[in-house]
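Heads up: the structure comes next, in structure tokens.
The values are calculated or read from the model by the stated rules, or taken from the named source; none is laboratory data. Keep in mind the model is a prediction, meaning the values are calculated, not measured. Every residue, glycine among them, receives a Cβ derived from its backbone with ideal geometry; neighbour counts consider all protein chains shown. Keep in mind that these areas ignore ligands, DNA and RNA; they rest on the heavy atoms of the full protein, side chains included. Shrake-Rupley method; radii C 1.70, N 1.55, O 1.52, S 1.80 Å.
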Amino acid sequence: MWKWLHPYAKADRAYQLCNTLLPYFAVITVVCLVVGWVWGLAFAPADYQQKDSYRIIFIHVPSAILSMGAYSSMAIAAIVALVWQLRNAELAVIAIAPVGAAMTAIALITGAAWGKPMWGAWWVWDARLTSELILLFLYLGVLSLYHAFEDKKAAGKAACILAIVGVINLPIIHFSVEWWNTLHQGATITKFDTSAIDPSMLWPLFINIAGFAGFVGVITLIRLKNEILQREKHRPWVRSLVSRG
Amino acid sequence: MQFESFSDFIAMGGYGFFVWLSYGSCAAILAGILISSLNDGKKLKKEVKAQMLREERIKKAKEEAKV
């Protein structure tokens with residue numbers, strides 16, 4: 001049943017698949033980000049308490065969600081790479097990590113710019129903020145571990161193990177606002193009973209989440225292509241691809 | 001539209017600095033990683049091309065040396 005998947009373990013087929021998927025992800029990303037940003041900045045109503053400062057939510061929440069989503073995908077790729085010894089999965093881990101780190105950095109920076117006017121401080125050593133900072137270090141750790149080894153087989157294995165161990169941080173981030181008494185507010189849209197946000201603000205937020213997810217996809221595909229080329233640069237298929245254009 | 005004028009939009013009800021700081025840094029990070037990822041790919045392809053040309057030159061030189 002799953003046999004159709006097998007050819008994609010080959011580097012050139014995976015490369016082609018990336019090329020096929022890229023335009024779709026690019027279109028979704030551009031459309032969602034343009035609509036989401038314009039809607040969030042100019043058309044969504046101001047918050048009754050936080051006024052216009054709350055508009056940071058339209059990039060803060062998507063980047064924070066995607067920082068954790070990208071980490072989950074990276075960890076799944078790491079498990080696949082270690083268990084089934086698929087090299088493409090290992091390359092995917094290294095392709096996701098930089099954009100995951102970028103999402104985490106955006107979440108931290110926009111959080112600081114939101115914290116200053118609302119809490120009166122750019123940074124507090126709050127459980128949510130600290131665990132998100134650790135997530136950034138995990139991404140950077142995975143990347144630097146990979147680049148520290150000359151032997152890329154060992155490098156991939158080490159990076160995958162760190163990526164999997166780091167998963168422990170995800171529930172800590174998610175539940176930090178419940179387990180500890182934090183300055184950071186609790187969940188807004190992931191509460192299953194009733195959402196604590198009005199539809200006029202929820203829609204642009206959803207569109208932005210889709211846009212950020214698309215962006216993570218675009219960067220992952222581009223970087224996965226690069227990683228495949230890097231690993232396979234002596235192979236004939238890469239050479240014919242390069243000489244063709 | 002929630003704002004009366006363009007200057008109102010920039011001011012963001014007094015929170016302009018914080019709102020534009022976050023949107024600005026976000027845009028910069030997104031653009032930065034996109035451009036650097038695309039550049040990496042171009043550089044890699046150039047490298048492979050250069051290597052192919054180099055090998056061709058070596059091959060040619062060897063053939064000429066034989067003659």
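Just one of A:93, A:99, A:61 is out of contact with any strand residue (DSSP E or B) (no Cβ under 9 Å at 6 or more places or on another chain), of a type in the set (Val, Ile, Thr) and open to solvent by 10 Å² or more (accessible area, probe 1.4 Å); which is it?
Details: A:93 fails: open to solvent by 10 Å² or more (accessible area, probe 1.4 Å); A:99 fails: open to solvent by 10 Å² or more (accessible area, probe 1.4 Å).
So the residue among A:93, A:99, A:61 that is out of contact with any strand residue (DSSP E or B) (no Cβ under 9 Å at 6 or more places or on another chain), of a type in the set (Val, Ile, Thr) and open to solvent by 10 Å² or more (accessible area, probe 1.4 Å) is A:61.
Which of (1) open to solvent by 70 Å² or more (accessible area, probe 1.4 Å); (2) within 20 Å of residue A:167 (Cα to Cα) does residue A:51 not meet, given it meets every other one?
(2)
Return the residue satisfying two criteria in turn: it lies in the range B:2-12 and is assigned to a helix (DSSP H, G or I) and open to solvent by 60 Å² or more (accessible area, probe 1.4 Å), and of such residues it is farthest from the other protein chains (Cβ to nearest Cβ). Full working, then the answer.
Of all residues in the range B:2-12, those assigned to a helix (DSSP H, G or I) come to B:6-12.
Of the ones still in play, those that are also open to solvent by 60 Å² or more (accessible area, probe 1.4 Å) are B:6-8, B:10.
Details: B:6: 10, B:7: 13, B:8: 10, B:10: 11 Å.
Here the answer is B:7.
Here's a check for you: in the range A:174-212, which residue that is under 21 Å from the mean Cα position of the chain (by Cα) and among the hydroxyl-bearing types (Ser, Thr, Tyr) is modelled with the lowest pLDDT?
A:190
Take the residues in the range B:54-66 that are under 34 Å from the mean Cα position of the chain (by Cα) and open to solvent by less than 100 Å² (accessible area, probe 1.4 Å), then tell me which one is nearest to residue A:225 (Cα to Cα).
Keep residues of the range B:54-66 that are under 34 Å from the mean Cα position of the chain (by Cα), which gives B:54-58.
From the residues that got through so far, the ones that are open to solvent by less than 100 Å² (accessible area, probe 1.4 Å) too are B:55, B:58.
Working: B:55: 24, B:58: 29 Å.
Result: B:55.
Which pairs do you get when a residue that is over 14 Å from residue A:92 (Cβ atoms), found in the range A:226-242, comes within reach of a residue that is of a type in the set (D, E, K, R) and not in a helix (DSSP H, G or I), reach meaning Cβ atoms under 8 angstrom, with the pair 6+ apart or on two chains?
The qualifying pairs are A:238/A:232.
Of the residues that make up the range A:175-192, is at least one open to solvent by less than 70 Å² (accessible area, probe 1.4 Å) and assigned to a helix (DSSP H, G or I)?
yes
All but one of (1) under 21 Å from residue A:130 (Cβ atoms); (2) in contact (Cβ under 8 Å) with a residue 12 or more places away in the chain hold for residue A:109; which doesn't?
Evaluating residue A:109 over (1) under 21 Å from residue A:130 (Cβ atoms); (2) in contact (Cβ under 8 Å) with a residue 12 or more places away in the chain leaves (2) as the failure.
Within the range B:21-54, which residues are at the interface with chain A (Cβ under 7 Å from one of its Cβ atoms) and aliphatic (A, V, I, L, M)?
B:21, B:29, B:30, B:33, B:34, B:38, B:44, B:48, B:52
Okay, residues lined up against (1) at pLDDT 95 or above; (2) closer than 17 Å to residue A:170 by Cβ; (3) in a helix (DSSP H, G or I); (4) within 14 Å of chain B (Cβ to nearest Cβ):
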site: A:37; (1), (2), (3), (4): yes, no, yes, yes
site: A:54; (1), (2), (3), (4): no, no, yes, yes
site: A:57; (1), (2), (3), (4): no, no, yes, yes
site: A:64; (1), (2), (3), (4): yes, yes, yes, yes
site: A:75; (1), (2), (3), (4): yes, yes, yes, no
site: A:101; (1), (2), (3), (4): yes, yes, yes, yes
site: A:118; (1), (2), (3), (4): no, no, yes, yes
